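The values are calculated or read from the model by the stated rules, or taken from the named source; none is laboratory data. Just so you know, these numbers come straight off a predicted model, no measurement behind them. Cβ: placed from backbone, ideal geometry, glycine included. Neighbour counts: every protein chain shown. Surface areas here come from the heavy atoms of the whole protein model, side chains and all, with no ligands, DNA or RNA. Shrake-Rupley method; radii C 1.70, N 1.55, O 1.52, S 1.80 Å.
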Amino acid sequence: MVPSKSHTMKDLSAARGSIRHDWTVAEIEQLFALPFADLMYHAQRVHREHHSANTVQMSTLLSIKTGACPEDCAYCPQSVRYDTGLEREALLPLDTVRAQAAAARAAGATRFCMGAAYRSPKQKDVVAIAAMIREVRALGIETCATLGMLTPAQARELKDAGLDYYNHNLDTSPEFYGEVITTRTYQDRLDTLAAVRAAGLNVCCGGIVGMGETVTDRAGLLAQLANLPQHPESVPINQLVRVAGTPLADTAPVDPLDFVRAIAAARITMPKSYVRLSAGRETMSDEMQALCLLAGANSIFYGEQLLTTGNPAAERDRALLARLGVTAETGAAGATAH
Ligand code: SAM
Ligand code: DTB
Ligand code: SF4
């Protein structure tokens, strides 16, 4: 039986403090169906139980290898299959990456995320990126990488180099996935996530809202994430950046309140995870971003550029956080200068 809204409210109140791995898609759909204020109330309650209420973690992204990706992800400007006018760039030199990481740290980021447009990295790429990770970590900033599919041995190599987090998104529900990507399977994604976990890396895994998926698909993605053996430490919720030339360029924009609902449902289903308000902030109003933080988002990408598209200027973000009385998290767990 599908629980009534009032049952969901009671269940949520009773489930105080519990970390679950048995969420059903129907239960999460019920969260989406709650009156907005009820959903926000529960998300905020869960948030305050597990996190400080007025801080955000800030990560800065750098595209270390850009474009010419063989995959066909329908949202992505970096796929070789779509003409998006993007300039390709080979793997960046170590010095450039070190300088960008130092600048990110100086600007106040506590994590530096290196993204590469690979289906999966070649061994020589892993060796070069391991060297980057060593250098970046030595600056005293957490490291994250997103390089596509990894073997268990590659995941261990990155861990040994000092990598703190690996980002690998499930992107959407298993049912909708085939509409967006045909060149790799959902199981391929899950296999890499298992390899990353087995190597002892922190997992950063989330998805995209606004690709034409249904609310059931959004609930399906969150059920997949929340029912992993261990919740991802970091859950990026991206709003689709509609890039001209990609198959999803003309997708109807998502209702901003539905996006906020997705953040709230992520917060409730994964209470201890950092939920990152990720791509798409450039087109969001300050008020919408404030609602996302109220819904339980406690991490952002910070700096003018995501991978290939724009992000709010650091000044605008600092002004927004100041207006909200929110401060940047300072403690970079694990990363120390050495
Ligand atoms: N190639 C690697 C992979 O796919 O795992 C790493 C880089 S890929 C760009 C990382 C993530 O960025 C994707 O999984 C997707 O969730 C997100 N992303 C890419 N293009 C996007 C867009 N136009 N809007 C929102 N998110 C996007
Ligand atoms: C994630 O979930 N979002 C980031 C990061 N992980 C790698 C990437 C967003 C990319 C947006 C499109 C672009 O700038 O190319
Ligand atoms: Fe390649 Fe990653 Fe873009 Fe897919 S999302 S096309 S794998 S860079």
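In table form, for the structure just shown:
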item	result
Per-selection Rg to Rh, the stretch 247-338 - Cα, Kirkwood hydrodynamic radius	0.99
For the chain, Kirkwood radius (reciprocal of mean inverse C-alpha pair distance, Å)	20.1
Net charge dipole size for the chain [Lys, Arg +1 and Asp, Glu -1 on Cβ; Debye, nearest 20]	820
Computed over the chain: relative contact order in percent, which uses C-alpha pairs under 8 Å that are six or more apart	24
Ellipsoid equivalent to the stretch 61-105 - semi-axes via the Cα gyration tensor, in Å	25, 11, 8
Å² of accessible area per residue within the stretch 86-144, as computed with a 1.4 Å probe and no ligands counted	45
Relative pair counts by distance (%), Cα atoms of the stretch 99-241, 10 Å bins	12, 41, 33, 14, 1
Partnerless cysteines, meaning none of the other Cys C-beta atoms lie under 4.7 Å away, in the chain	CYS69, CYS204, CYS205, CYS292
Sorted peptide list for 245-253, 311-319, 53-61, 292-300, criterion being average Cβ within 10 angstrom, highest first	292-300, 53-61, 311-319, 245-253
Fraction of accessible area attributable to carbon and sulfur, the chain (%, probe 1.4 Å)	55
Average accessible area per residue (Å²) across the stretch 205-289 - probe 1.4 Å, nucleic acids and ligands excluded	32
Translational diffusion of the stretch 6-127, µm² s⁻¹ [Kirkwood Rh, Cα pairs; Stokes-Einstein; 37 °C; 0.692 mPa s]	175
Cα gyration tensor shape for the stretch 166-293, rounded if a/c is under 1.5, else prolate or oblate	oblate
Residues whose placed amide H lies under 5 Å from that of GLN57, excluding near-sequence neighbours	SER299, ILE300, GLU329
Charge context of ARG323, other residues only, Cβ under 12 angstrom, K/R +1, D/E -1	-1
Probe 1.4 Å, protein heavy atoms only - accessible area per residue of the stretch 29-82 in square angstrom	34
Viscosity 0.890 mPa s, temperature 25 °C, Stokes-Einstein D of the stretch 193-242 from Kirkwood C-alpha radius, µm²/s	208
